[in-house]
Amino acid sequence: SSGINAEYGDDNPASTRGLSEKLQAANWFYFPYPGQFGMPRVSIGGFVGMFAGVLAGIIESLGDYYACAKLAGAPPPPKYAINRGILLEGVGCFVAGLVGPGVGVTSYTENVGAISLTKVGSRAVIVCSGVFMIVIACIGKVGVLFSSLPDPIIGGMYIVMFGIIGAVGISNLQFVDLTSSRNIFIIGLSLYLGLAIPSWTNAELLKADNSLNTGNDDFDALVAVILSSGMIVGGSIACFLDNTLPGTDEERGLTSYRLATKAVGNKDLRKKVYSEPLMEILAKRCPILRKLPFVCNDE
C-alpha cells in the first residue's frame, strides 16, 4: 500500500494514505438520532424523485427475493412474504429518513451473492450480522476503517458476486422454451434496451447542456430516474412484450414453472420457512389479521 501511495499519489483508488489521521480524528462512539441534520422537509420534486428510486428498489428486491430463495434451497417466496419484505423496506427507509444517513434501506444484490459464496443462508446468521453492523456503526473508528477499504478490493468482490447473481437470473430462463423465436426476440430486445437506454440517458440526456426539459422539473426528474435504471427499462419491456405477444403457457415457461414450484412449495414447508413467529402469535389470537397482505395465510 505504501508503494502504491508513493508511486501514484492519493488520487489512486488503491491508496490508503491518510488513514491514520482519519482514525485519530474520528470519534470513538456516535449515536444517530432523529433530526440531527435539521427538521425533515417534504417537496413535490423530492417526493417524485424518491418515488422513482423506491420503485426501482422494489423491482430489484423482487428479483433478490427469488434469487436468495433459489441459492438457499428454499421454496419460492409466497405473496405475503414478498409483501412483508417490501413493507419492512419501506419502514426502514422511513426511519433512515428521520435519522438522516441519506441511504435507502433495501435488499442488496451483493448480499445475495455473498450467500452463494459462503453457502450460509441461515436467518440466525443474518440477524446476528445485522446486530453486529448496528453496533459497529455506532463506533466511529471502526466505520472509518471499513470505509477506507481500497476500491480494487471491493471491485474484486463485486466481480464474483454480480457474476453469480447474473448467472442465477439467467438460470430462471430454464423454464422458457429457448428454441422459440418469440422468446429469443423478447429476451434479446429487453436485454439490449435495458443496457442501451440507461447508458444513453447517463451519457446524453443527463448532461447539463442537453438535459430533458419539458417545462415541469418534477416530471423531468421522474423520467430521468426511470430511464437511467436498467432494471426498470429492461424489466418493463420484457413484461410488456411477454404479455402482449401471443404465446402458449408451455412456450412462456409457465407450465414448467408451476410443476417445479409445486414439488417444493407445499404449504407446510412454505409456512415453516416464511411465517413470522410474532405475527403468527397475533394472527392466532386475532384471525382477522390474516386478511392483511403481509401475514401468512397458508391455513
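What nm distance separates the two modelled labels at Ala167 and Leu195, each placed 7 Å from Cα along Cα→Cβ?
If labels sit at Ala167 and Leu195, their model points lie 1.9 nm apart.
Quick one: pull the percent of accessible area on the range 121-198 belonging to carbon and sulfur, 1.4 Å probe, ligands and nucleic acids left out.
80 percent
What trypsin sites (Lys or Arg not before Pro) in the range 93-170 are in a loop by DSSP, with at most 14 other Cβ atoms within 10 Å of the Cβ?
Lys119
Report the extension gain between Ile281 and Cys239 in nm, rounded to one decimal, defined as 0.36 nm multiplied by the number of residues separating them, less their alpha carbon distance.
Extra length from Ile281 to Cys239 when fully extended: 11.3 nm.
For the range 101-183, which chymotrypsin sites (Phe, Trp or Tyr not before Pro) pass both filters: DSSP loop (anything but H, G, I, E, B) and at most 16 other C-beta atoms within 10 Å?
Tyr108
Given labels modelled 7 Å from the Cα in the Cβ direction, how far is it in nm from Val125 to Leu254?
3.8 nm
Compute the FRET efficiency between Glu204 and Phe47 as 1/(1 + (r/R0)^6), taking r as their Cβ-Cβ distance and R0 = 25 Å, and round to the nearest 0.05.
0.40
So if R0 is 35 Å, what FRET efficiency would Asp268 and Ala96 give, r being the distance between their Cβ atoms, rounded to the nearest 0.05?
Numbers: r = 36 Å, r/R0 = 1.04.
It comes to 0.45.
Using the structure shown, list the pairs from Lys70/Lys271; Lys22/Lys119; Lys119/Lys272; Lys267/Lys291 with a Cα-Cα distance above 28 Å, or answer none.
Details: Lys70/Lys271 17 Å; Lys22/Lys119 35 Å; Lys119/Lys272 20 Å; Lys267/Lys291 17 Å.
Result: Lys22/Lys119 exceed 28 Å.
For the range 56-112, what does the relative contact order come out to in percent, with C-alpha contacts under 8 Å and a separation of six or more?
Over the range 56-112, the number comes to 40 percent.
The values are calculated or read from the model by the stated rules, or taken from the named source; none is laboratory data. Just so it is clear, the structure is predicted and the values come from calculations on it, not from any experiment. We place every Cβ from the backbone using ideal geometry, glycine too, and count neighbours over all the protein chains shown. Protein only, heavy atoms only, side chains kept; ligands, DNA and RNA dropped before computing areas. Shrake-Rupley method; radii C 1.70, N 1.55, O 1.52, S 1.80 Å.
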